[in-house]
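One structure is given here, and the rest of the page talks about it.
The values are calculated or read from the model by the stated rules, or taken from the named source; none is laboratory data. What you see is a predicted model, and the numbers here were worked out from it, not measured in a lab. Heads up, the Cβs are rebuilt from the backbone with ideal geometry, glycines too, and the neighbour counts pull from every protein chain shown. For the accessible areas, the whole protein counts, side chains as well, though only heavy atoms, and no ligand, DNA or RNA atoms are used. Shrake-Rupley method; radii C 1.70, N 1.55, O 1.52, S 1.80 Å.
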Amino acid sequence: MNAPMPAHWLRPGPSAIVAAGAAATALPAAWLLRSFDPGVAGSLFPPCLFHAITGLHCPGCGLTRALHALLNGDLAGAWAMNPLLLPGLFALLAMAWHRGVHALPDAIARRLFDGRIWIAVLLAFGVLRNLPWPAFAWMAPG
């Protein structure tokens, strides 16, 4: 005969609750983003406030349009809007994979989870995408 499961096995843990909350938020958001183009006039998605005030492109400029393109299967369009999106998503998936059942090599995990590296990459990307030279113009949204 099977013994009954302990009561703590029946309660969802914090990670299960966070995952359920993330899914409950992400799925409707993905549907909205896939269905409505943020690049058209009168879009329900707000424009970048930083760009509106300064005229400069922040590291996140073009991210909403890039996610719209990605959700509609347009990898080239996603890359054109924000080239940091695809490597960033890959890094986040690797981090989630590492936190799950599998483990990445220590050297890779240390770099992926080092917030200083993320900050440095975002700052460098934010500066480089605003430089006027053709070598960096491809980083600007559009």
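Computed values, structure above
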{"quantity": "Rounded to the nearest 20 debye, dipole of the chain from Cβ charges on Lys, Arg, Asp, Glu", "calculated": "220 debye"}
{"quantity": "Among (i) 72, 40, 27; (ii) 44, 28, 27; (iii) 54, 38, 26, the entry derived from the coordinates for Cα extents along the principal axes in Å", "calculated": "(i)"}
{"quantity": "Local electrostatic count at Leu84 - Lys and Arg +1, Asp and Glu -1, tallied over other residues with Cβ under 15 Å", "calculated": "+2"}
{"quantity": "Accessible area of the stretch 15-142 belonging to carbon and sulfur atoms, whole % at 1.4 Å probe", "calculated": "74 percent"}
{"quantity": "The chain: angle of helix 14-35 to the longest principal axis, Cα-based, in degrees nearest 10", "calculated": "40 degrees"}
{"quantity": "Lys, Arg +1 and Asp, Glu -1 on Cβ, resulting dipole of the stretch 56-130 about Cα centre, debye, nearest 20", "calculated": "120 debye"}
{"quantity": "Approximate spin-label separation Arg110-Ala76, in nm, with each point projected 7 Å along Cα-to-Cβ", "calculated": "4.1 nm"}
{"quantity": "Extension gain from Phe90 to Ala16, taking 0.36 nm per residue of separation minus the Cα-Cα distance", "calculated": "24.4 nm"}
{"quantity": "Fully extended contour minus Cα-Cα distance, from Phe45 to Ala30, at 0.36 nm per residue", "calculated": "4.1 nm"}
{"quantity": "Accessible area in square angstrom per residue, the stretch 82-142, 1.4 angstrom probe", "calculated": "69 Å²"}
